[in-house]
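These notes are about the structure you will find just below.
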Amino acid sequence: MNYQLREANIADLDGIMDVEVQSFSLPWSREAFYNEFVKNHFARYFVIVDQEKIIGYCGVWLVVDEAHITNIAILPEYRGQKLGELLLSSIMDYSIQQGAKSMTLEVRVSNVIAQSLYKKLGFFEGGIRKSYYTDNQEDALVMWVNL
């Protein structure tokens with residue numbers, strides 16, 4: 001397959017929302033993403049495209065020398081092809097170019113598949129956020145990587 005990775009823009013909102021609702025039990029609202037694009041000058045979003053279809057996305061906030069992954073998701077039918085790894089490693093490279101020295105993210109304690117990817121890319125466990133996810137009060141594992 002020949003996938004394209006590029007920075008997202010407001011016109012990508014429908015595609016990003018499609019990935020979001022198929023990927024998360026507690027998806028962000030369209031308004032939340034709209035605000036990320038329009039009002040949050042720390043936020044950057046990137047998409048993976050198969051022909052013209054958005055099949056994955058990742059958001060990152062760049063604040064001083066720290067990058068925070070807000071969301072990362074791949075459509076279910078495209079998972080298992082190392083696209084999440086491609087996307088996250090590309091965001092890590094981008095963050096380094098922007099001056100970031102470290103990166104962090106939160107992941108459900110039950111999401112061992114995602115945790116495995118993050119560990120493969122050098123992330124380590126940094127702590128727990130109790131009852132972080134409001135849909136089921138699940139804890140979040142906070143992970144970090146030095147860039």
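Tabulated data
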{"item": "Nonlocal Lys pairs with alpha-carbon distance under 30 Å, region 19-147 (8 or more apart, or different chains)", "result": "15"}
{"item": "Nearest-20 debye value, region 34-82 charge dipole, Cβ charges on Lys, Arg, Asp, Glu", "result": "60"}
{"item": "Highest-fluctuation residue, ASP14, ASP135, ASP65 considered, GNM on the chain with Cα pairs under 10 Å", "result": "ASP135"}
{"item": "Fraction of accessible area attributable to carbon and sulfur, the chain (%, probe 1.4 Å)", "result": "51"}
{"item": "Span from the region 1-55 Cα centroid across to the region 66-120 one, whole angstrom", "result": "14"}
{"item": "Among LEU147, SER23, SER110 - extreme Cα towards positive end, dipole of the chain, charges at beta-carbon", "result": "LEU147"}
{"item": "Unit charges on C-beta of K, R, D, E only; dipole of region 35-125, Debye", "result": "100"}
{"item": "Gain upon complete extension [GLN22, LYS130; 0.36 nm per residue less C-alpha separation]", "result": "36.4 nm"}
{"item": "Stretchable slack from SER116 to VAL64, in nm (0.36 nm times residue separation minus alpha-carbon distance)", "result": "16.0 nm"}
{"item": "Accessible area expressed per residue, the chain, with surrounding protein chains retained (probe 1.4 Å, Å²)", "result": "55"}
{"item": "DSSP H segments from the chain that extend 20 Å or more along their own axis, Cα-based, with Kyte-Doolittle mean of 0.0 or above", "result": "83-97"}
{"item": "Shape of the chain, Cα gyration tensor, a/c cut at 1.5", "result": "rounded"}
{"item": "Relative packing of peptides 25-34, 98-107 - highest average C-beta neighbours within 10 Å first", "result": "98-107, 25-34"}
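The values are calculated or read from the model by the stated rules, or taken from the named source; none is laboratory data. The structure presented is a predicted model; accordingly, all values stated were derived computationally and were not measured. Virtual Cβ from ideal backbone geometry, glycine too; neighbours counted across all protein chains shown. For the accessible areas, the whole protein counts, side chains as well, though only heavy atoms, and no ligand, DNA or RNA atoms are used. Shrake-Rupley method; radii C 1.70, N 1.55, O 1.52, S 1.80 Å.
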